[in-house]
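Worksheet: the structure to be examined is printed underneath.
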Amino acid sequence: MTNHWVDIKNADLVLIMGGNAAEAHPCGFKWVTEAKAHRKARLVVVDPRFTRSAAVADYYAPIRAGSDIAFLAGLINYLLSHDRIHHEYVRNYTDFSFLVKTDFAFEDGLYSGYDAETHKYDRSTWGYQLGEDGYVVTDPTLQDPRCVYQLMKAHYARYTPEMVEGICGTPRDAFLKVCEMIAETSAPDRAMTIMYALGWTQHSQGSQIIRTGAMVQLLLGNIGKPGGGMNALRGHSNIQGLTDLGLLSNLLPGYMTLPGEKEQDFTAYLEKRSPKPLRPGQMSYWQNYPKFFVSTMKAWFGDAATADNDWGYHWLPKLDKTHDILQVFEDMNAGRMNGYICQGFNPLASAPCKIKVSGALSKLKYLVVIDPLATETSEFWQNHGEYNAVDPTRIATEVFRLPSTCFAEEDGSLVNSGRWLQWHWKAANPPGEARNDQEIIAGIFLKLRELYRTDGGAFPDPILNLAWRYKQPHSPAPDELAREFSGRALADVTDPKDATKVLVKKGEQLNGFAELRDDGSTACGCWIFAGAWSEKGNLMARRDNSDPYGIGQTLDWAFAWPANRRVLYNRASCDPAGKPYDPSRMLVAWDGLSGRWSGSDIPDFKADSNPADGMGPFIMNPEGVARFFARDMMADGPFPEHYEPLESPLAKNPMHPDNPLARSNPAARVFEGDRENFGKPDRFPYVATTYRLTEHFHYWTKHCRSNAVVQPEQFVEIGEALGAELGIRSGDPVRVRSQRGFIVAVAVVTKRLRSFVLDGQPVHTVGIPIHWGFTGVARNGYLANTLTPFVGDANTQTPEFKSFLVNVEKIQRVV
Amino acid sequence: MTLSRRQFFKVCAAGAGTTSLALLGFSPDQALAEVRAFKLARATETRNTCPYCSVGCGVLIYTLGDGSKNVRSEVIHVEGDPDHPVNRGTLCPKGAGLKDFIQSEGRLLYPEYRAPNSREWQRISWDEAFTRIAQLMKEDRDANFIATNEAGQTVNRWLTTGMLAASASSNETGYLTHKFARSLGMLAFDNQARV
Ligand code: SF4
């Protein structure tokens, strides 16, 4: 979230699209209710299902699963063509006036540089025109046909209300009604928040759906404002934190990136990640990358990381490509992997295409599962009848199952969606012999290190040099680890402007990332968490819930990254002169007397930068402003474009009916063999979408008696029209089949799912709640990912669980 | 004197004996709440966070047991933390069942091992597990570690063993796990955010 849960109460309009907060994030959704009750805010829900969020909405618009970009692109067209945008904001805080290279082009659904063989773009034309001074050329009059504004206007003019209706199935008047309501928040003192979740991410173009939403928010001037922002409602309690800490194939802590194999030169690696400002007077905060990087290496490798060995640069693995979970299961299935460790993650249920995942795990030599619960993954080799019909005697994988503690049995911090690092305390001892994850990782690591120390082996250097200075090496304590990622001074840290002034004494915890240095004098495991545990103590454990400004900014509750800021880009809540657009909801403001920014939040800005100096509010971007034109940063294009899901009921992309290459995302990565595993509408005519129920959490709560009691049995939802067509009534057992397998479940026939007419054909939606499996106390069921296709978003490789094709049949079931 | 359950609880915790308070006429409005307060008054209150969705609701976990060496504390109740600025004491149907997660019969109690082609788990000790896992990892790493690629560039990566990290483990666990995985040269490394 750019903003946070409580801040939703400051919204004038709430758009929930690609999520269902009322059921999936109920206690956060209360802040929508609060905004409605106390601010007369209105709630708009756009969703394929009439969810419980929709049930309390002021307006609900139905949409076909997988067509969100078309809807939002139509909205952009509406805002631009009706001139309902926040002019001062877009002119000053976005790239509207930037000129794009003359050879950048978009034709027939493809951007310049497409290679149909590799399904990849050469992105070299996706950039700005640079002047001789090295800065981007701009046209403040916005008349130049190559300026971002003009290009964008032309790009989205194609998304007329008729086109939106033809792609999304949303009735024209419903679409226009939503546009009208949203357009009202272009007023400087009105704010809309967008709340989304996996309904936007789990698509082959998920990242671009989210970008389109962000573009809408920028046009309206809603980013950086209280009650505004782009608010991802993350699905698990610490997915935010694990991502912040860089636990993804290609990342390092704090959104730093691992080097590619071509990056042999350390200085060049740093330079590439420390971009110079693209406009005069801009901050481009990533220029501090070397400080973040060296400090992380000092935290990881201690004294062994020195200037002479480039701080251990070559101890880090170098990427040939991203080894995301889909790539890994592809490799595993092809027999290219031998071992796998699953820590609190149940991929047999969570990764797409269960049969492929099961086959892949069966090819491993060893699998280690660390979990508090008996997961399906740990028993993938066991026969569980129809729900897991495998023959154990033919699976040669050695499996270890290690019991870990749960939240109640450990100290530590989790990052919620609002970026708050909240500390929790151990309440009870773990059952049996269960150990916490830190002990388990340490247990494996110390054995390994001992083996390398005594026997030698392949490149032992990083293993032997890894800093492991914990008081009990077999059980690193949460407070030791928290101090380590928060950071400390290894030598006195002095003021860059006055070397006699010591900011932090040697050995002390740092106050924040501004104190990081690139000379090895600071160690900090994750720069964005810097200061979470300072000399003042553990700020994550703070529990003062006072809200002095009355707008929900509880700055002394826990710690928010970065630097305890609660609303990102908050300088954009003020006009160029530094005056808040809405003084009654002030986040920050320029105080000319003191020459500083201050207010109810920590300024996300250079605290003493006079507005007259013209620094832009998007300080992480070398442009200083927000980008509508994504340059070369997205795999599938600088402007989002509608493509059909890989499995779609439509034979053609209505935007590009004559170009088969532009039917689905041209840059999607599809593995050999998976393309044949995509279903066609002739055999699988219905659009399926997966989701959670309010009574269950993922595949965990089927292990909990009370949750299993309230939702005991697997079901699927179909609309009344489809029910009538197939002769299915509520309670009937049905088989839902995709190209990859089938599940059997009880049918719930409901008004909540309506049918669309697209291209003269009726299109029905089948709803598939995900919570069942073959372990736990709820009734056994089929893993929903038996059905889902093995393809992900072109940028993140997040699998397309939210729109694929199935068929449904009524069956006789002997119970 | 009107006391909410929570205020009543605070008063009790402040030292005055509950029985004498009740005798003096200080009692919460509802008898039901009173019974609960008595039960919770003997319990230890620990502040924690719901481990399910990312709203991150504050919870209070109540345990019985005085902390003595041989006494195992028992979780008797979990409820929303009224001081928490986001959930303000509420929990959703998921969070309301947290006690059943802590005490689920699906909780694993000891390390287990499944031999190749076997139909069964067998119980092993932690030391056996760590020893065997470390051995398997080292054999695989030593056999398949790639120090340089075909172009002769230093790459120092290990692709044949991978790891998936948790979505609900703490930052402290995540940080240590990252350090561990990269020191081995792992790239097939992801967390639940990917899906
Ligand atoms: S109680 Fe419900 S809303 Fe709160 S964190 Fe847990 S799952 Fe999310």
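The values are calculated or read from the model by the stated rules, or taken from the named source; none is laboratory data. Computed from a prediction, not measured in an experiment: that's the story for all the values here. FYI the Cβ positions are ideal-geometry reconstructions off the backbone, even for glycines, and counts take in every protein chain you see. With ligands, DNA and RNA removed, areas are computed over all heavy atoms of the protein, side chains included. Shrake-Rupley method; radii C 1.70, N 1.55, O 1.52, S 1.80 Å.
Per residue, what volume in Å³ does the convex hull of the Cα atoms of segment A:6-232 enclose?
Hull volume over Cα atoms, normalised by residue count, gives 133 Å³.
Give the Rg/Rh ratio for the protein assembly as shown, taking Rg as the radius of gyration of the Cα atoms and Rh as the Kirkwood radius, to two decimals.
That ratio is 0.95, to two decimals.
My understanding is that a pair violates if its Cα-Cα distance is over 32 Å; which of A:Lys9/A:Lys606; A:Lys426/A:Lys702; A:Lys272/A:Lys471 do that in this structure?
Too far apart for the 32 Å limit: A:Lys272/A:Lys471.
Report A:Ser284's accessible area, 1.4 Å probe, all protein chains in place, as a number in Å² to the nearest 10.
Result for A:Ser284: roughly 0 Å² accessible.
Of the DSSP beta bridges with both residues in chain A, give the percent that are antiparallel, rounding to the nearest 5.
55
Once A and B are treated as a pair rather than alone, how much accessible area drops out, both sides summed, in Å² to 100, probe 1.4 Å?
Separately minus together, A and B give about 12500 Å² buried.
Summarise the accessible area of chain A (1.4 Å probe, protein heavy atoms) by the percent that is carbon and sulfur.
With neighbouring chains kept in place, the figure for chain A is 50 percent.
Would you compute, from DSSP H runs of 4+ residues alone, the mean residue ellipticity of chain A at 222 nm, taking -39500 (n - 2.57) per run and dividing by the full residue count, rounded to the nearest 500?
Result for chain A, helices only: -6500 deg cm²/dmol.
Given 0.36 nm per residue, what is the gain on full extension from A:Lys506 to A:Asp173 after removing their alpha carbon distance, in nm?
Length gained between A:Lys506 and A:Asp173: 113.3 nm.
Between A:Trp286 and B:Glu45, how high is the FRET efficiency from 1/(1 + (r/R0)^6) when r is the Cβ-Cβ distance and R₀ = 60 Å? Nearest 0.05.
With a Förster radius of 60 Å, E is 0.85.
Under a straight-distance cross-link criterion of Cα-Cα below 20 Å, which aspartates and glutamates are reachable from A:Lys30, leaving out those fewer than 8 residues away in the same chain?
Here the aspartates and glutamates satisfying the reach criterion relative to A:Lys30 are A:Asp7, A:Asp12, A:Asp47, A:Asp58, A:Asp547, A:Glu695, B:Glu79, B:Asp81, B:Asp83.
Magnitude of the Cβ-charge dipole of chain A, K/R +1 and D/E -1, about the Cα centre, nearest 20 debye?
Dipole magnitude for chain A comes out near 1520 debye.
Could you work out how far apart the two model spin labels at A:Tyr470 and A:Tyr59 are, taking each label as a point 7 Å from the Cα in the direction of the beta carbon, and quote it in nm?
Going from the A:Tyr470 label point to the A:Tyr59 one covers 5.4 nm.
Could you tell me whether segment A:660-810 comes out rounded, prolate or oblate from its Cα gyration tensor? Rule is a ≥ b ≥ c as square roots of the eigenvalues, rounded for a/c under 1.5, then prolate if a/b exceeds b/c, otherwise oblate.
Oblate is the answer for segment A:660-810, as a/c is 1.5 or above yet b/c matches or exceeds a/b.
Which order do A:Arg211, B:Arg114, B:Arg132, A:Arg394 take when ranked by solvent-accessible area (1.4 Å probe, heavy atoms of all protein chains), largest first?
A:Arg394, B:Arg132, A:Arg211, B:Arg114
Once you order the gyration tensor axes a ≥ b ≥ c over the Cα atoms, which shape class does segment A:325-465 get: rounded for a/c under 1.5, otherwise prolate or oblate by comparing a/b with b/c?
In terms of gyration-tensor shape, oblate.
Provide the solvent-accessible area of B:Asp142, counting protein heavy atoms only and rolling a 1.4 Å probe, rounded to the nearest 10 Å².
60
Not counting ligands, DNA or RNA, and with a 1.4 Å probe, what is A:Trp286's accessible surface area in Å² rounded to the nearest 10?
Roll a 1.4 Å probe over it and A:Trp286 shows about 50 Å².
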